[in-house]
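Right, one structure below, let's go through it.
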Amino acid sequence: MTGRRSILQVLLAGLLLPLKAIAASWNTPAFEARTIDGAKQVLNMRAEENTAQIEIVAPDFAENGAVVQVEVMSRIAGTEAMAIFAEKNPVPLVANFTFSHGAQPYVITRIKMAESQSLQVVVKVGERYYQASRYVTVSEGGCG
Amino acid sequence: MAAGIKMRVRLQSGVAEVRVLISHPMETGRREDESGKMVPAHFIQLLTATLNQVPVLEAQWGTGVARDPYLIFFVAGARLGDSIAIEWHDNKGESGRQSIQVA
């Protein structure tokens, strides 16, 4: 009986592998983290150095927190990835972008902001991390 | 859902500026509808972009990306006639793809 069960388990494991590989590409624990520090820990970000080489363009006052346009650009050579955090959102990690083959570390997107807070951007360059932040005042939160 | 992707590309001194607008509810799972029932989470988790089938961008998204996601990204080394494609996958297993030629 145990022999048959183990064969079944091996077969099942084989079937589940490709599914697991796809699911692995979305970093579930990073998006399940309820604090910015928790999310950073999952993403292995440490010793982030503050820099003026990351530009964050966002409104000083956002009337509607459901749609806040942000523009993020890294001028640091060798930037591989860029994460956007909203520290007071229920899920602080908003987006994490990875660039390769000519894609520039520059994105414009629209995010939700639960309340007035700092946006933080962390950039990955090899094994080093750099960060910048920008405060946005939100009149009406938009994280429902 | 898969049909709801608008893409535009503009080539400027070798850099393609790609604008993407996707129709998607991006529900957080924390919102109640009119009858007070929780609306289940429904959001895009992964968006990938390729230039002539070569991966250039991978975006992992949470529920903090606004409804009907809007994204502009930039790819150096693009030429006229190149193909730029994007594909998204959400937490319910739905997906969408769209491609455009650099013109």
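What follows is calculated from the coordinates using simple rules that are stated; it is not laboratory data. Predicted, not measured: the structure shown is a model, and the values here were computed from it. All Cβ positions, even for glycine, are placed from backbone atoms using ideal geometry, and neighbour counts span all protein chains on display.
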Review point. Which members of the stretch B:44-64 meet the condition of being within 7 Å of another protein chain (Cβ to nearest Cβ), free of Cβ contacts under 8 Å to residues at least 40 places away in the same chain and under 11 Å from the mean Cα position of the chain (by Cα)?
Key: B:L57, B:E58, B:A59, B:Q60, B:W61
Review point. Restricting attention to the stretch A:93-129, which residues are of a type in the set (S, T, Y), within 7 Å of chain B (Cβ to nearest Cβ) and either in contact with a helix residue (DSSP H, G or I) (Cβ under 6 Å, 6 or more places away or on another chain) or part of a strand (DSSP E or B) (or both)?
Key: A:T98, A:Y106, A:T109
Practice item. Quick one: B:S23 ticks every box in (1) in contact (Cβ under 8 Å) with a residue 12 or more places away in the chain; (2) facing another protein chain (nearest Cβ under 9 Å); (3) in contact with a Gly (Cβ under 6 Å, 6 or more places away or on another chain) except a single one, so which number is it? Key: (2)
Check your understanding: For the stretch B:10-45, how many residues are in contact with a strand residue (DSSP E or B) (Cβ under 7 Å, 6 or more places away or on another chain), surrounded by fewer than 18 Cβ atoms within 10 Å (Cβ to Cβ) and either under 30 Å from B:D82 (Cα atoms) or among the hydroxyl-bearing types (S, T, Y) (or both)?
Key -> 6
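Take the residues in the stretch A:130-144 that are in a strand (DSSP E or B) and within 14 Å of chain B (Cβ to nearest Cβ); name whichever of them is surrounded by the most Cβ atoms within 10 Å (Cβ to Cβ). Give the derivation first.
To start, the set of residues in the stretch A:130-144 that are in a strand (DSSP E or B) comprises A:130-140.
Okay, now just the ones that are also within 14 Å of chain B (Cβ to nearest Cβ), so A:136, A:138, A:140.
On the way: A:V136: 21, A:V138: 23, A:E140: 11.
Selected residue: A:V138.
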Exercise for review: Taking the residues in the stretch B:72-83 that are surrounded by fewer than 23 Cβ atoms within 10 Å (Cβ to Cβ) and facing another protein chain (nearest Cβ under 7 Å) as candidates, determine which candidate is farthest from B:G29 (Cα to Cα).
Suggested key: B:G77
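Hey, among A:E48, A:E71, A:E55, A:E80, which residue is surrounded by fewer than 22 Cβ atoms within 10 Å (Cβ to Cβ), among the acidic types (D, E), closer than 22 Å to B:I84 by Cβ and touching a residue at least 40 places away in the same chain (Cβ under 8 Å)?
Working: A:E48 fails: closer than 22 Å to B:I84 by Cβ; A:E71 fails: touching a residue at least 40 places away in the same chain (Cβ under 8 Å); A:E55 fails: closer than 22 Å to B:I84 by Cβ.
Exactly one residue qualifies, and that residue is A:E80.
Residue by residue, here is whether (1) in contact (Cβ under 8 Å) with a residue 40 or more places away in the chain; (2) touching a Gly at 6+ places or on another chain (Cβ under 6 Å); (3) of a type in the set (A, V, I, L, M, F, W, C) holds:
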residue	(1), (2), (3)
A:F97	no, no, yes
A:P105	no, no, no
A:R110	yes, no, no
A:M113	yes, yes, yes
A:V122	yes, no, yes
A:G126	yes, no, no
A:V138	yes, yes, yes
Study note, to complete from the structure: Going through the stretch A:60-85 in order, the residues found to be of a type in the set (G, A, S), at the interface with chain B (Cβ under 10 Å from one of its Cβ atoms) and not in a strand (DSSP E or B) are A:G65, A:A66
Review point. Residue check, B:I86 against (1) in a strand (DSSP E or B); (2) within 7 Å of chain A (Cβ to nearest Cβ), all met but one. Which one?
Key: (2)
Review point. Can you name the condition, by its number, that A:K88 falls short on among (1) in a loop (DSSP other than H, G, I, E, B); (2) touching a residue at least 60 places away in the same chain (Cβ under 8 Å)?
Key: (2)
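Can you give me the number of residues within the stretch A:30-45 that are out of contact with any strand residue (DSSP E or B) (no Cβ under 6 Å at 6 or more places or on another chain) and either at the interface with chain B (Cβ under 10 Å from one of its Cβ atoms) or crowded, with 17+ Cβ neighbours inside 10 Å (or both)?
From the stretch A:30-45, those out of contact with any strand residue (DSSP E or B) (no Cβ under 6 Å at 6 or more places or on another chain) are A:32-35, A:37-38, A:40-44; that's our starting set.
Next cut, either at the interface with chain B (Cβ under 10 Å from one of its Cβ atoms) or crowded, with 17+ Cβ neighbours inside 10 Å (or both) only: A:32-33, A:40, A:43.
Selection size over the stretch A:30-45: 4.
Give me a count of the residues in the stretch B:27-40 that are part of a loop (DSSP other than H, G, I, E, B) and at the interface with chain A (Cβ under 10 Å from one of its Cβ atoms). Quick ask: steps written out before the conclusion?
Of the stretch B:27-40, the ones part of a loop (DSSP other than H, G, I, E, B) are B:28-30, B:33-37, B:40.
From what is left, the residues that are at the interface with chain A (Cβ under 10 Å from one of its Cβ atoms) are B:28-30.
Here the count works out to 3.
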